[in-house]
1. When the expected Rg is taken as 2.2 N^0.38 Å, what fraction or multiple of it is the alpha-carbon Rg of the range A:107-154?
2. Please enumerate, by chain and number, the lysines with C-alpha under 26 Å from the C-alpha of A:Lys262, excluding those fewer than 8 residues away in the same chain.
3. Any idea what the relative contact order of chain B is, in percent, if you count C-alpha pairs under 8 Å spaced at least 6 apart?
4. Kirkwood hydrodynamic radius of the range A:67-121 from all distinct Cα pairs, in Å?
5. Rounded to the nearest 20 debye, what is the charge dipole size of chain B about its Cα centre when +1 sits on each Lys and Arg Cβ and -1 on each Asp and Glu Cβ?
6. Sketch the reach of a paramagnetic label on A:Ser195 as a point 7 Å from Cα along Cα-to-Cβ, and name the residues of the range A:94-131 whose backbone nitrogen lies under 15 Å away.
7. Please give the total accessible area that chains A and B bury against each other, computed with a 1.4 Å probe and expressed in Å² to the nearest 100.
8. With the full set of protein chains in place, find how many percent of the accessible area of chain B is carbon and sulfur; take the probe as 1.4 Å.
Amino acid sequence: MLPLFARMEKIMSDQTIETSADHVPASDVSASTEHGPEKVRRQTAVYVYEAPLRLWHWVTVLCIIVLSVTGYFIGAPLPTQPGEAIDNYLMGYIRFAHFAAGYIVGIAFLGRIYWAIVGNHHSRELFLVPIFRASWWAGVIHELRWYFFLEKTPKKYIGHNPLGQAAMFFMFVLGMIFMIITGFALYGEGAGAGSWADTVFGWVIPLFGQSQDVHTWHHLGMWLIIVFVMTHVYVAVREDIMSRQSLISTMVGGWRMFKDDKPD
Amino acid sequence: MSQIETFYEVMRRQGITRRSFLKYCSLTAAALGLGPTFVPQIANAMETKPRTPVLWLHGLECTCCSESFIRSAHPLVKDVVLSMISLDYDDTLMASAGHQAEAILEETIQKYKGEYILAVEGNPPLNEDGMFCIIGGKPFLDQLKHAAKDAKAIIAWGSCASWGCVQAARPNPTQAVPIHKVIKDKPIIKVPGCPPIAEVMTGVITYMLTFGKVPELDRQGRPKMFYGQRIHDKCYRRPHFDAGQFVEQWDDEGARKGYCLYKVGCKGPTSYNACSTIRWNEGVSFPIQAGHGCIGCSEDGFWDKGSFYDRLTNIPQFGIEKNADEIGTAVAGGVGAAIAAHAAVSAIKRMTTSDDKTEAKQEEHS
Ligand code: HEM
Ligand code: HEM
Ligand code: SF4
Ligand code: SF4
């Protein structure tokens, strides 16, 4: 059997990912080898997602839920409130929550871009899709085959799997940029001519034709984000169970645990 | 004294007293959102400045802009402004006709080269070399280009001249286009609306006549003082919107109580106009006050944005016209069903290939 460190080396070189000082490998392998061969489950782990990235992920999750729910009710408001207008402020609160979450998600997104610059190798995967690398495309094909039940064994990935990476970039990153730009353009309309949002994003309105078109596209954009989230969460849960590595706990604690020590 | 009369002289000649004249100046200041300190400034400008000639052209249109204009709230405003401008050329309102009228147009262009304001109501159709709108035996397009060449500034009256309006709606058989598509080298002031509010029209023209410059415009070329806000921003039903109190159906309790018309398709949140502040017919009312939502008549392409009773645009590319939510729920539902099916297949696969077997196999390999 290969010594632990050589094995780690192998996993990493298979992934063509440079190892750096913060990728401290850990293992419970020595503890489990003492027991019977059927029970042996060697685990290796790599630190992939740093704290700011994980914090960003879960803040964004919260905001997107708030934005989608409130956004939906902005488009199709709840039934009329009884009583006098002065005693009610339902649309006001819903819109406030939407705009507050919009600000948070927007600023967090900028923070995420900053982290892609200063963070570790994996922090850049979200924004830099290696579409010119043949091995990446091979990975996409492999993943597609895996989801169509044509592959028996999944591959191991330290960072995102190639298909996930593509979805994250083309649906989520581009979708979010679109939602943030159109969202703040609409926000600038309410904030009024001369407000910062109008000054920075006001050009968006005539670009689409008029305000109504921006509303329509912003609304459609929500469904794109929802479709991404649905598949993303399903795949995260499924892969957590079916793949050879940890997923959800990785986004919580940062460590990627591998369930076996076989090469790819 | 200059050979061209001043505004004041024109007015006096029209039989307007000095007292009425001053009243007009303060009204104008108010309409333009200027403080009382501007009244003497306006009066002074009108007394000393030679009157700016205005040419008013008509292309493909329904003349609702002219109809609106001559109903301006204060009779004085329209008398003054109208008499000042109809002196020159407006083929609907002026006294002369035929060759005589065309001669006046030509004369004004020659005499006031680079000085006059060109007001355009309606727009030019481009198809068949412009044959769908003939003025004085020639395509309107030619007349427009000719008159625009030596104009100081151009006012685009109404949604036709500003955006294209109904004659440019799909499928636009005459290829009618807003005037900024054919005139690119002059400042164009867009005064959209179908029609624009009378006080807005007289306000814009009075501003330009008195101050001799173009009012401050927004990104799309509309005067900020009248088009700086949406109907929704100043709507008197807005508190019901914020409270979440809506007219759900045209004849329900909410409709009687004057609740917000958002759910029955009010386009106030996406329409820039002054209806909710200046209102119509001498400030009597405006559509929302009458219980009907805004249809967004001052917005670009408002005929092509689906029903007047939908807030969002329909998306015709999807075969049957569908709105964003219908498409969204269909796609999300499809994806949801696919996920459920995929999860089921995954679970079955997992059960049939038992853990022991895989682990045993893995052991063999290592
Ligand atoms: C994932 C992100 C987002 C989703 C899913 C979302 C969803 C929605 C939806 C469905 C609407 C209703 C559109 C309509 O029917 O008219 C809406 C409106 C709006 N959203 Fe967003 N939005 C998002 C991000 C943002 C951001 C970042 C901002 C910026 C502050 C923003 C600002 C607005 C504004 C100003 C409106 C119009 C509200 C109104 O007309 O009263 N949104 N959003
Ligand atoms: C609104 C909902 C969500 C959005 C918009 C979202 C978005 C994202 C994005 C953009 C990434 C890439 C992170 C990066 O590279 O910086 C990511 C990764 C991840 N997310 Fe989410 N997420 C959402 C909800 C969830 C939920 C509910 C879970 C848990 C079940 C989850 C689990 C994960 C996991 C495990 C990863 C890492 C995947 C990998 O290691 O390849 N996400 N998510
Ligand atoms: S009636 Fe129309 S403009 Fe007025 S508050 Fe409601 S949605 Fe806005
Ligand atoms: S309320 Fe709306 S549709 Fe009615 S005149 Fe004003 S802008 Fe046009």
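The values are calculated or read from the model by the stated rules, or taken from the named source; none is laboratory data. Note that the structure is a prediction, hence the values are computed from the model and not measured. Don't worry about glycine lacking a Cβ; one is built from the backbone with ideal geometry, like all the others, and counts go over all protein chains shown. Heavy atoms of the whole protein, side chains included, go into the accessibility calculation; ligands, DNA and RNA do not. Shrake-Rupley method; radii C 1.70, N 1.55, O 1.52, S 1.80 Å.
1. Here the answer is 1.54, to two decimals.
2. A:Lys10, A:Lys39, A:Lys152, A:Lys155, A:Lys156, B:Lys349, B:Lys357, B:Lys361
3. On the way: 578 pairs, mean separation 47.8, N = 366.
Dividing the mean separation by the residue count of chain B yields 13 percent.
4. Across the range A:67-121, the inverse of the average 1/r is 13.5 Å.
5. The dipole magnitude comes to about 1080 debye.
6. A:94-104
7. Chains A and B together bury approximately 4400 Å².
8. On the way: 9320 of 16550 Å².
Accessible surface attributable to carbon and sulfur in chain B totals 56 percent.
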